[in-house]
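First up is the structure itself, then whatever we jot down about it.
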Amino acid sequence: MHERHEREIFQVRFRFLDLLKSFFLEAPDAETMSRWRGTFSALALEQISPRFDNGVKEICRALNNTTLKGLQEEYYRLFVNPFHGGRVETTASYYLNGRGYAQALVDIRGLMREAGVLKAEGVTDPEDSLVVMLDTFVALLEEEKARGGETMRRLQARLLEEFLEPFTEEFTAALKNNAQADFYYLCCRILGGYLDLEKSLVCRSGGTAGPVAF
């Protein structure tokens, strides 16, 4: 029973991390937006943590009151358009070191080498970009699930505490202060709430409410 419960927890974590990645990987299409609406409608019926639950309610309202075109345009303004003053950086180095391709990138590459994790083939974003950091976290979880041991858990804790958490705090503030950001600021709130849950699992402090199906 314990092993089954552990497997369920891993699957839920994989689904959540995939959901978070889908916010920032590319502009949504109709299928992605439908998936978001269904997922958050289901999550709104759950009680996971106050911070996460509040974020879920807000993003549900946003998804019900915006259009696909609106989300696509917001994504483009925030993360793609090089000629617009509202563009937001998505790398840890930018927020932790004040410029891109700096020490945070070096350190994350070192963490990945220690774990034996490689950036996915064809990915051009640096290893300290949000999407690649989430990919790396998934890879560390997969290694833990397959082989167990404390090394992968320790590296997960490092990635969370040294990079993802401080990055997310600064990234969220940047979007909160950006007049172009509405929906994607809410995505950051979901990201921050979920990282709180991950930290409780990785560090074994506090615990969570158990697996949530969606």
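I'd like to check something: does the range 142-149 contain any residue that is of a type in the set (Gly, Ala, Ser), modelled with pLDDT of 95 or more and either within 17 Å of THR90 (Cα to Cα) or part of a helix (DSSP H, G or I) (or both)? Among the residues of the range 142-149, not one is of a type in the set (Gly, Ala, Ser), modelled with pLDDT of 95 or more and either within 17 Å of THR90 (Cα to Cα) or part of a helix (DSSP H, G or I) (or both), which makes the answer no. So how many residues does the range 69-115 have that are closer than 26 Å to ARG153 by Cβ, of a type outside the set (Ser, Thr, Tyr) and open to solvent by less than 40 Å² (accessible area, probe 1.4 Å)? Matching residues across the range 69-115 total 8.
Scanning the range 179-204 for residues that are open to solvent by 20 Å² or more (accessible area, probe 1.4 Å), in contact with a helix residue (DSSP H, G or I) (Cβ under 7 Å, 6 or more places away or on another chain) and part of a loop (DSSP other than H, G, I, E, B) yields a count of 3. Looking only at residues of the range 29-49 that are out of contact with any helix residue (DSSP H, G or I) (no Cβ under 9 Å at 6 or more places or on another chain) and open to solvent by 40 Å² or more (accessible area, probe 1.4 Å), we find that the one that is farthest from LEU19 (Cα to Cα) is LEU45. Quick check on my filter: what residues within the range 166-178 are assigned to a helix (DSSP H, G or I), buried (at least 17 other Cβ atoms within 10 Å of the Cβ) and not β-branched (Val, Ile, Thr)? PHE167, PHE171, ALA174, LEU175, listed by residue number. Only one entry in LEU140, LEU118 is open to solvent by 80 Å² or more (accessible area, probe 1.4 Å), over 18 Å from GLY193 (Cβ atoms) and not β-branched (Val, Ile, Thr), namely LEU118. Residues in the range 1-18 that are without any contact (Cβ under 8 Å) to a residue 40 or more places away in the chain and either under 15 Å from GLU198 (Cα atoms) or in contact with an Asp or Glu (Cβ under 8 Å, 6 or more places away or on another chain) (or both): GLU6 alone. Could you count how many residues in the range 137-177 are under 16 Å from the mean Cα position of the chain (by Cα), over 30 Å from GLY85 (Cα atoms) and among the β-branched types (Val, Ile, Thr)? The total comes to 1.
Beta carbons closer than 7 Å, at least 6 apart along the sequence or on distinct chains, pair a first residue in the range 159-170 that is at pLDDT 95 or above with a second that is basic (Lys, Arg) for LEU160/LYS199.
The values are calculated or read from the model by the stated rules, or taken from the named source; none is laboratory data. Not measured: the values here are computed from a predicted model. We place every Cβ from the backbone using ideal geometry, glycine too, and count neighbours over all the protein chains shown. All accessible areas refer to the heavy atoms of the entire protein, side chains included, with ligands and DNA or RNA removed. Shrake-Rupley method; radii C 1.70, N 1.55, O 1.52, S 1.80 Å.
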